1. Take Glu25 and decide whether it is closer than 20 Å to Met105 by Cβ, surrounded by fewer than 19 Cβ atoms within 10 Å (Cβ to Cβ) and modelled with pLDDT of 95 or more.
2. Looking for whichever is closer than 16 Å to Ala31 by Cα and touching a helix residue (DSSP H, G or I) at 6+ places or on another chain (Cβ under 8 Å) here; the options are Arg104, Arg145, Arg124. Which one fits?
3. Could you tell me which residue of region 108-124 is surrounded by the fewest Cβ atoms within 10 Å (Cβ to Cβ), considering only residues that are of a type in the set (Asp, Glu) and assigned to a helix (DSSP H, G or I)?
4. Which residue, of Ala76, Ala140, Ala95, Ala69, is out of contact with any Leu (no Cβ under 7 Å at 6 or more places or on another chain) and not hydroxyl-bearing (Ser, Thr, Tyr)?
5. Looking only at residues in region 77-102 that are aromatic (Phe, Trp, Tyr) and surrounded by 14 or more Cβ atoms within 10 Å (Cβ to Cβ), which one is nearest to the chain's Cα centre (by Cα)?
6. Criterion first (charged (D, E, K, R), surrounded by fewer than 17 Cβ atoms within 10 Å (Cβ to Cβ) and touching a His at 6+ places or on another chain (Cβ under 8 Å)) does Asp60 satisfy it?
7. Please verify whether Met105 is within 17 Å of the chain's Cα centre (by Cα), farther than 17 Å from Ser49 by Cβ and surrounded by 14 or more Cβ atoms within 10 Å (Cβ to Cβ), treating the condition exactly as stated.
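The values are calculated or read from the model by the stated rules, or taken from the named source; none is laboratory data. On a predicted model such as this, the values are computed, not experimentally measured, just so you know. Here the Cβ positions follow ideal geometry from the backbone for every residue, glycine too, while neighbour counts run over all protein chains shown.
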Amino acid sequence: MLKTLNALFDSLLAPQPGAGAAPAEHTLQLATAVMLIEVMRADATFETSERAAVRAALCDKFALTQDEATELAQLAETTAQSSTDLFSFTSRINAHFDMAQKLRMVEHMWHVAYADGRLSEHERHVLWRVADLLHVPHGAYIHARMRAERLAGAG
């Protein structure tokens, strides 16, 4: 099963001759969704509120319907479970997102982390690692966290 999932993900990442923007956009959406899922997976339980925050982030980031966001989140969860690193995802994001888009994504990740009303050290660590791989300046990372805390009422 792991080989099948890896083959699927490799086919999504590999550029197809004559392929348009749609496959690249889907791959970018999947990479972004996996990062959101990684925050959700960082603590011991998957809360309904965290899943809702992932879907809301995907809808906001990519203008998806709820059904499309749910489907993408499910694919991302399966992909995240079989993945061994974050770099393959963050490198895709680095190649296509400008700094403002990366900051918005990090803020969405903080929303997922705070969705269950508490921030675990594992969630904080995953966010720090992803922000570092995305080359997000530390000050911007902290400001994104503060905005998410205010919205969550946790700050």
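1. It is false that Glu25 is closer than 20 Å to Met105 by Cβ, surrounded by fewer than 19 Cβ atoms within 10 Å (Cβ to Cβ) and modelled with pLDDT of 95 or more.
2. Arg104
3. Once the filter is applied, the top-ranked residue is Glu121.
4. Ala95 is the lone residue from the list that is out of contact with any Leu (no Cβ under 7 Å at 6 or more places or on another chain) and not hydroxyl-bearing (Ser, Thr, Tyr).
5. Looking at the filtered set, the residue picked out is Phe89.
6. Yes.
7. yes
Residue-wise test of (1) under 14 Å from Met35 (Cα atoms); (2) of a type outside the set (A, V, I, L, M); (3) modelled with pLDDT of 95 or more; (4) not in a helix (DSSP H, G or I).
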site	(1), (2), (3), (4)
Arg55	yes, yes, yes, no
Ala73	yes, no, yes, no
Gln81	yes, yes, no, no
Val106	yes, no, yes, no
Asp132	yes, yes, yes, no
Ala154	no, no, no, yes
